[in-house]
Ligand code: OGA
Ligand code: NI
């Protein structure tokens with residue numbers, strides 16, 4: 001969801017960890033996001049009856065329950081657009097090492113982190129790009145970069161990270177990519193899309209965003225990451241230090257996600273909503289912060305290959321079930337997405353074919 005435009009002289013990059021070095025008792029005005037005050041939300045202890053579905057990856061791939069688990073996956077993506085994935089096969093040691101190394105990165109002195117800062121006109125690197133029209137800022141420090149195809153990796157980012165961080169990131173990226181590709185295959189099967197139509201995700205465009213959300217003296221006044229839907233096909237979120245904060249919008253109400261330890265949170269992005277012709281939902285979500293403990297997340301975004309096209313799957317559309325979204329090349333899609341201001345689901349609405357009346361139950 002990081003956004004930027006071509007270089008503008010008034011663009012700046014900010015950092016909250018640095019701001020917090022001076023004791024703060026109140027939040028600077030530019031971080032106060034008043035528009036959130038009146039939106040209905042549930043408290044964590046009210047969410048028991050509204051719990052995110054949990055999918056067991058092991059059960060999806062072998063044993064007697066594969067069909068049952070696939071149906072659970074299918075309804076989770078239709079009704080929620082989000083699920084928690086357990087028994088995903090990423091080892092506890094890999095997860096622990098990732099946690100230690102990513103925490104270590106954000107603890108580095110500012111000068112070290114600024115070696116990776118976002119250059120003017122770019123979107124990749126450390127920091128948050130602020131555009132002249134951004135009036136309010138999110139309460140989080142980010143490191144964002146493309147990981148696949150390997151040829152588009154920026155030489156001064158991942159390849160130059162401290163070596164122990166780079167080693168674990170390379171391993172995590174590879175393991176998660178395998179997991180994501182198997183998941184996408186299963187989603188295609190659940191949707192009854194032809195295999196060659198989901199093959200566009202093989203060796204596709206993949207990005208990583210690590211975010212450090214510092215504790216905040218007045219957490220109810222700020223937002224760690226403003227409401228948005230992801231531009232991806234799917235996203236896999238790892239809340240690496242076990243601190244909750246993610247909320248998703250269901251039937252107009254913000255619901256906190258109470259993550260199971262070591263589970264990964266998977267969500268459907270705009271591209272899969274388009275490919276499934278609206279069958280699966282790319283649901284709005286946001287990240288809140290708290291006053292006690294920092295929260296750190298690592299998100300991986302999976303998109304189709306540059307050379308492919310995004311549009312409703314041909315195997316799902318026919319005269320009775322006409323396409324609800326336009327078709328667009330992946331490169332143009334990414335380019336257009338990054339030049340639009342991020343605002344809830346506006347980009348997906350832009351892709352919608354407007355002469356059909358469609359109701360969106362979950363947003
Ligand atoms: C994202 C996202 C949530 C989080 O990066 O798109 O939704 O908890 N992140 O960091
Ligand atoms: Ni997101």
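The values are calculated or read from the model by the stated rules, or taken from the named source; none is laboratory data. Treat the numbers as computed from the prediction; the structure is a model and nothing was measured. Cβ: placed from backbone, ideal geometry, glycine included. Neighbour counts: every protein chain shown.
Some notes on this structure:
- Test: residue in the stretch 263-286 that is more than 16 Å from ligand 2 (Cβ to nearest atom) and more than 21 Å from residue 184 (Cβ to Cβ): no
- For the stretch 216-258, residues that are closer than 24 Å to residue 172 by Cβ, away from ligand 1 (no atom under 12 Å from the Cβ) and buried (at least 23 other Cβ atoms within 10 Å of the Cβ) total 1.
- Looking only at the stretch 195-204, and only at residues there that are touching a helix residue (DSSP H, G or I) at 6+ places or on another chain (Cβ under 7 Å) and surrounded by 20 or more Cβ atoms within 10 Å (Cβ to Cβ), the one that is farthest from residue 102 (Cα to Cα): 198
- The single condition among (1) away from ligand 2 (no atom under 12 Å from the Cβ); (2) within 17 Å of the chain's Cα centre (by Cα) that residue 246 does not meet is (1).
For every residue, the table says whether it meets (1) closer than 22 Å to residue 74 by Cβ; (2) touching a helix residue (DSSP H, G or I) at 6+ places or on another chain (Cβ under 8 Å); (3) assigned to a strand (DSSP E or B).
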site: 156; (1), (2), (3): no, yes, no
site: 166; (1), (2), (3): no, yes, no
site: 175; (1), (2), (3): no, yes, no
site: 193; (1), (2), (3): yes, yes, no
site: 210; (1), (2), (3): no, yes, yes
site: 217; (1), (2), (3): no, no, no
site: 243; (1), (2), (3): no, no, no
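- Test result for residue 133, away from ligand 1 (no atom under 16 Å from the Cβ), surrounded by fewer than 20 Cβ atoms within 10 Å (Cβ to Cβ) and over 23 Å from residue 59 (Cα atoms): yes
- Subset of the stretch 1-34 that is at pLDDT 80 or above and surrounded by 13 or more Cβ atoms within 10 Å (Cβ to Cβ) - its residue that is nearest to ligand 2 (Cβ to nearest atom): 33
- Only a single item in (1) modelled with pLDDT of 90 or more; (2) in contact with a helix residue (DSSP H, G or I) (Cβ under 8 Å, 6 or more places away or on another chain) is not met by residue 295, and it is number (2).
- Long-range neighbours under 9 Å by Cβ, at least six apart or interchain, first residue more than 16 Å from ligand 2 (Cβ to nearest atom) within the stretch 296-307, second assigned to a strand (DSSP E or B): 304/310; 306/329; 307/329
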